[in-house]
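> Take a look at this one; I'll ask things after.
The values are calculated or read from the model by the stated rules, or taken from the named source; none is laboratory data. On a predicted model such as this, the values are computed, not experimentally measured, just so you know. We place every Cβ from the backbone using ideal geometry, glycine too, and count neighbours over all the protein chains shown. To get the accessible areas, we keep the full protein, side chains included, count just its heavy atoms, and leave off ligands, DNA and RNA. Shrake-Rupley method; radii C 1.70, N 1.55, O 1.52, S 1.80 Å.
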Amino acid sequence: TKELQASVASAESWQARYEAAVKASHSVLYDANHLTGQVIFGGDCASILGYTADELNGDIGKWVALVHPDDRAIFLDEFRRVTGHGLPFHAEYRMMRKDGGIVWMRDDGHFVAGAPGGRPVRFVGFVRDVTTERRAEEQRVAEERARRQVAESLAERSAQLEFALGAT
């Protein structure tokens, strides 16, 4: 029927625009079924992580395995905190790229009700590469620390000089 064809064409058009917008945002989109543990990825997976969406799709365990071992507990603690309560998920953690590199990711997700009684079923969110921002912040902190050390050293030298001049 023409109505069904128009509806399918509209949905496909919307999906194409949505996928283009997600890729343009340089983010990874995920849609996870909370009950089955299955997750579907979209967006800029390949340029951020080196994996295609198809390589990441499936069990959430694939994603968790890519979380840097030092950050996995933080990720899982936040996941447990929000699971079952319908709370928003917010975390920053490192992930291992397919090429062996490491990137910092900011993950913001939200539950979507869908089960009887409004219980959360799906978990949808965006993950964004924040490596550049993290490195800039680390650089800023290091520069501030160096400035403080120079100021403290100058103050100490000044006090020593004043003491030496006063002693003569």
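> For the stretch 61-84 and the stretch 1-35, what is the centre-to-centre distance using only Cα atoms, to the nearest Å?
27 Å
> To the nearest 10 square angstrom, what accessible area does W14 show with a 1.4 Å probe?
The accessible area comes out at roughly 150 Å².
> Just to make sure I understand: if all protein chains stay in place, what is the order of E143, E92 by accessible area at 1.4 Å, largest first? Mind showing how you got there, number by number?
Values: E143 80, E92 60 Å².
I get E143, E92, largest accessible area first.
> Another question about this same structure. HN-Hα J couplings of the stretch 136-152 from phi, Karplus 6.51/-1.76/1.60, θ = phi - 60°, integer Hz, Gly and Pro as x?
For the stretch 136-152, the Karplus curve yields 5, 5, 4, 5, 4, 5, 5, 5, 5, 4, 5, 4, 5, 5, 5, 4, 5 Hz.
> How many Å³ per residue does the convex hull of the Cα positions in the stretch 27-131 occupy? The partial results should precede the final answer.
On the way: hull volume 8.6 nm³, N = 105.
Per residue, the Cα convex hull of the stretch 27-131 comes to 81 Å³.
> Ok, one more. At a Förster distance of 41 Å, what's the computed FRET efficiency of D99 paired with V150, Cβ-Cβ distance as r, to 0.05? Let's see the in-between values first.
Values: r = 39 Å, r/R0 = 0.95.
Taking R0 as 41 Å, the efficiency between D99 and V150 is 0.60.
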